[in-house]
Amino acid sequence: MYEVTEKPLSLEGVVSAITRRTCGAVATFVGIVREFSRGRQISYLEYEAYPEMAIAKMRQIEGEIREKWEIEQIAIHHRVGRLGIGEASVVIAVAAAHRQPALEACTYAIERLKQIVPIWKKEVSPDGSYWVGMGS
Amino acid sequence: MQVRVKLFAAAREIVGHGEVAIELKEGSTVGDLMEGIFGRYPALKEMAGALVFAVNRELAERSMDLQDGDEVGVIPPVSGGTDV
């Protein structure tokens, strides 16, 4: 249940897609474009992905999670292209029988996503634009 | 032999293309390819320390041998999600 898309993300769509009768908990994370970043006002963000490798790395994260926690389903959807303030850049949902593994796995998924999934963002502000991660 | 080099984010902007084809001698490694790319695009060499390479979508060491038709990704530091 992985997607790298230019279309707006739907939290409800992701949650309903992974919920099963055996699930007692769905933990979710939504990353939102914020107006200020490191002291600069943001006009908008440009996200770019290496889509095929991003999906492969999301699968790797699922494998790591399944070694640590009992979960039923996981979904990670990441948006690419131009995103305005308040728009969702990433939605992660983890469904499990119980809340603890769902919550912990969801936290793990966003932390690992930021480490190993090849997706980049450029902050565009009135005084210039910057690729985040490059020397910052 | 020829490999396809895919470039992203800051690396893509420096080179001006998202994908370039590079001719290499048989037996070339990822390190050889890097030197070739840096020779062709000197500005990319300035961020060399921050780049990692993926061969056929798996991270690769500089010593790895390349094969004809390989897809090599030039990967700047990643920054998906949000800074929360």
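The values are calculated or read from the model by the stated rules, or taken from the named source; none is laboratory data. Model, not experiment: these values are computed from the prediction. When we count neighbours, we look across all protein chains shown, and the Cβ atoms used for this are built from the backbone with ideal geometry, even at glycine.
Miscellaneous remarks
- Residue within region A:55-62 that is more than 7 Å from chain B (Cβ to nearest Cβ) and in a strand (DSSP E or B) present: no
- Residues that are of a type in the set (A, V, I, L, M), in contact with an Asp or Glu (Cβ under 8 Å, 6 or more places away or on another chain) and within 30 Å of residue B:71 (Cβ to Cβ) occur in region A:32-46; there is at least one.
- Here residue A:70 passes the criteria (1) crowded, with 17+ Cβ neighbours inside 10 Å; (2) more than 14 Å from residue A:2 (Cβ to Cβ); (3) more than 9 Å from chain B (Cβ to nearest Cβ); (4) touching a helix residue (DSSP H, G or I) at 6+ places or on another chain (Cβ under 7 Å) except the one numbered (1).
- Count - residues of region B:16-55 that are of a type outside the set (Gly, Ala, Ser), part of a helix (DSSP H, G or I) and more than 14 Å from every other protein chain (Cβ to nearest Cβ): 10
- Beta carbons closer than 8 Å, at least 6 apart along the sequence or on distinct chains, pair a first residue in region B:63-78 that is on the phi < 0 side of the Ramachandran plot and modelled with pLDDT of 95 or more with a second that is crowded, with 23+ Cβ neighbours inside 10 Å and hydroxyl-bearing (Ser, Thr, Tyr) for B:73/A:50.
- Pick from region A:72-117, criterion part of a helix (DSSP H, G or I) and of a type in the set (Val, Ile, Thr), ranking: nearest to residue B:75 (Cα to Cα): A:116
- Any hit, region A:41-55, residues being crowded, with 17+ Cβ neighbours inside 10 Å, aromatic (Phe, Trp, Tyr) and within 20 Å of residue A:14 (Cβ to Cβ): yes
- Taken residue by residue, region A:34-47 has no member that is within 15 Å of the chain's Cα centre (by Cα), at pLDDT 95 or above and not in a strand (DSSP E or B).
- Residue within region A:84-96 that is in contact with a Lys or Arg (Cβ under 7 Å, 6 or more places away or on another chain) and of a type in the set (Ser, Thr, Tyr) present: yes
- When the criteria are applied in full, residue B:39 fails the requirement of being touching a Lys or Arg at 6+ places or on another chain (Cβ under 7 Å) and either small (Gly, Ala, Ser) or crowded, with 17+ Cβ neighbours inside 10 Å (or both).
- Counted residues, region B:2-12 - those being farther than 12 Å from residue B:65 by Cα and either away from chain A (no Cβ under 14 Å) or out of contact with any strand residue (DSSP E or B) (no Cβ under 8 Å at 6 or more places or on another chain) (or both): 1
- Filter result for residue B:79 (among the small types (Gly, Ala, Ser) and more than 10 Å from chain A (Cβ to nearest Cβ)): no
- The residues in region A:12-24 that are surrounded by 13 or more Cβ atoms within 10 Å (Cβ to Cβ), closer than 9 Å to residue A:72 by Cβ and either within 15 Å of the chain's Cα centre (by Cα) or of a type outside the set (A, V, I, L, M) (or both) can be counted, and the count is 2.
- Of the residues screened, residue A:27 is not one that is surrounded by 15 or more Cβ atoms within 10 Å (Cβ to Cβ) and without any contact (Cβ under 8 Å) to a residue 12 or more places away in the chain.
- Any hit, region A:97-112, residues being surrounded by fewer than 18 Cβ atoms within 10 Å (Cβ to Cβ) and touching a Ser or Thr at 6+ places or on another chain (Cβ under 8 Å): yes
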